[in-house]
Amino acid sequence: MTELEIQALLQKQRDFFNSGATLPVAFRKAQLQRLYGAVKQYEAEIGEALRQDLGKSRFEGFMCESGLALTEISYLLRHLKGFAAKKRVRTPLAQFPSRSYTRSVPYGNVLIMSPWNYPFLLTVEPLADAIAAGNTAILKPSAYAPATAALVERIIGEIFPSEYVAVVTGGRKENAALLEQKFDFVFFTGSQAVGKEVLRHTAEHLTPTVLELGGKSPCIVEADADIPLAARRIVFGKFLNCGQTCVAPDFVLCERSVKDRLLQEVIGQIRTQFGDRPLENESFGRIVNEKHFQRLLSLIQKEKVVFGGEADAENLRISPTVMDGVTFEDRVMGEEIFGPILPILTYEDFEEIFALLRDREKPLALYLFTRNREHMERVTGEIRYGGGCINDVIIHLATSEMGFGGVGESGMGSYHGKAGFDAFSHSKSIVDKKTWLDLPMRYQPYGNKLYGALLKLFLR
């Protein structure tokens, strides 16, 4: 699509939004129901597209993409009326007589730019939030997941008119053309590098923006943790989608006294979950493209590999790989891994965790395996990160009851459920002042002692 065509599309959406058609809650619910029905109808095709793009199994595609999208849409349908209702708030005595309330209104015309690693979920879920809030939307799926992008374009084209929701496919040229436009809100999921470019462009128009990025999410394992269970859950979360998950445990920071035991349990769990030949396991998935495949291979230091390390260049597959003896100076610790490589680092005592993590970039997630309640409180309270789990990994994002998002280098803003509705809405504060009484204290000329005393009474 050319820049002129994008401009024309956006103008159509502006006109449609300005008509007021998207504002009624009944309209929004009807569109969410259409979206829900389409996801159900195309469930098999969605699974096949995800298999083509990322080698995902049908089970994983439903569990981590279409199923979660359905959950979010269902949640919004149940709660939308309450989310959109006016919220009465207390009115200060100084503003008597009046009534105060807040109401959520849509931003207007929004742009949603989605990534390749969960190309269906991370397109449809923010779209559902945008629809619930009453916006129009232009979707820009990743060119790195072409089968899913084509299917999303087909589905959206069948259920929504383009003046309401439209899909723009393509690569960098289309991305650049979209970012040159003045949207009312932009929602981006992807890498930090691209997120910075998005923010530079949106700053030109002072456009509010949510950035869902990533980072090196640590997984802390203390000596008192249930080591076999920790290993089982870490292996699941780290190697899900072949490691290409923004909230995957990027590295393990393990108390030195239990490191050898954890290593053996992790290796055992890899064999249990993926078999003795993971590269032949059709449910394991593959790296998205040659560029990322070669980048990941360059992060593997063979002398530090204690398990895995094999690769299949023809099918872009890398086996689950564990590296021991890693330090923060190693190349694998210099960037977000985003692949099936798990470095193991160690610490001596609890206080060292804070020295190692406090001054680093704030990650999207942090995971802590421990039985120590005091340590849980200190880690969750003193280390800055987007969100996370205690004694598990990644599942904090699989709920519509809590917002999900990063902080600092890992992003800004959050979504899911009510947080998603709020992200795509502006909350207006309204004072409805009555006309049957007009107290004179605020008007000039000042100096009346009685009025001054009343003013001090009201405002203290």
So how many residues does region 77-100 have that are among the aromatic types (Phe, Trp, Tyr) and at pLDDT below 95?
-> 1
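Taking into account only those residues within region 122-181 that are acidic (Asp, Glu) and crowded, with 24+ Cβ neighbours inside 10 Å, which is farthest from the chain's Cα centre (by Cα)?
Within region 122-181, the subset acidic (Asp, Glu) is 125, 129, 153, 158, 163, 174, 180.
Filter once more, so that each one left must be crowded, with 24+ Cβ neighbours inside 10 Å: 125, 129.
On the way: Glu125: 10, Asp129: 12 Å.
This residue is Asp129.
When residues of region 408-435 are filtered for being assigned to a loop (DSSP other than H, G, I, E, B) and open to solvent by less than 50 Å² (accessible area, probe 1.4 Å), how many remain?
The first filter runs over region 408-435 and keeps only residues assigned to a loop (DSSP other than H, G, I, E, B), leaving 413, 416, 424, 434-435.
So of that shortlist, the ones also open to solvent by less than 50 Å² (accessible area, probe 1.4 Å) come out as 413, 416, 424.
So the answer is 3.
Could you tell me how many of the residues in region 436-456 are in a helix (DSSP H, G or I), over 11 Å from Ala94 (Cα atoms) and among the hydrophobic types (A, V, I, L, M, F, W, C)?
Counting residues in region 436-456 that are in a helix (DSSP H, G or I), over 11 Å from Ala94 (Cα atoms) and among the hydrophobic types (A, V, I, L, M, F, W, C) gives 2.
Keeping to region 268-307, report how many residues are under 17 Å from Gly55 (Cβ atoms) and either free of Cβ contacts under 8 Å to residues at least 12 places away in the same chain or open to solvent by less than 60 Å² (accessible area, probe 1.4 Å) (or both).
Initial filter on region 268-307 (under 17 Å from Gly55 (Cβ atoms)): 273-275, 277-293, 296.
With the extra rule that they be either free of Cβ contacts under 8 Å to residues at least 12 places away in the same chain or open to solvent by less than 60 Å² (accessible area, probe 1.4 Å) (or both), the set shrinks to 274-275, 277-281, 284-289, 291-293, 296.
Going through region 268-307 one residue at a time, the tally reaches 17.
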All positions within region 19-38 that are under 26 Å from the mean Cα position of the chain (by Cα), open to solvent by less than 50 Å² (accessible area, probe 1.4 Å) and over 10 Å from Ala128 (Cα atoms) | Thr22, Val25, Ala30, Gly37, Ala38
How many residues are modelled with pLDDT under 95 and either in contact with a strand residue (DSSP E or B) (Cβ under 8 Å, 6 or more places away or on another chain) or open to solvent by less than 80 Å² (accessible area, probe 1.4 Å) (or both) when one looks only at region 1-18?
-> 1
Failed item in (1) open to solvent by 40 Å² or more (accessible area, probe 1.4 Å); (2) under 28 Å from Arg154 (Cβ atoms), with Gly55 passing the rest = (1)
Hey, can you tell me all the residues within region 326-343 that are among the aromatic types (Phe, Trp, Tyr) and closer than 12 Å to Pro218 by Cβ?
-> Phe328
Is one or more of the residues making up region 98-106 free of Cβ contacts under 8 Å to residues at least 24 places away in the same chain and open to solvent by less than 30 Å² (accessible area, probe 1.4 Å)?
-> no
For region 350-404, how many residues meet the condition of being open to solvent by less than 60 Å² (accessible area, probe 1.4 Å) and assigned to a strand (DSSP E or B)?
-> 9
Cβ-Cβ under 9 Å pairs, at least 6 apart or on other chains, region 57-71 side farther than 16 Å from Ser114 by Cα and basic (Lys, Arg), far side open to solvent by 40 Å² or more (accessible area, probe 1.4 Å) and in a helix (DSSP H, G or I) = Arg58/Ala44; Arg58/Glu48; Arg58/Arg51
If we keep only residues of region 362-387 that are of a type in the set (A, V, I, L, M, F, W, C) and more than 15 Å from the chain's Cα centre (by Cα), then the residue farthest from Ile234 (Cα to Cα) is Ile383
Taking region 125-155 on its own, how many of its residues are more than 21 Å from Arg172 (Cα to Cα) and of a type in the set (A, V, I, L, M, F, W, C)?
-> 7
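The values are calculated or read from the model by the stated rules, or taken from the named source; none is laboratory data. From a predicted model like this one, the values you see are computed outputs, not experimental measurements. No Cβ is skipped: glycine too gets one built from the backbone with ideal geometry, and neighbour counts run over all protein chains shown. Surface accessibility is based on the protein's heavy atoms, side chains included, excluding ligands, DNA and RNA. Shrake-Rupley method; radii C 1.70, N 1.55, O 1.52, S 1.80 Å.
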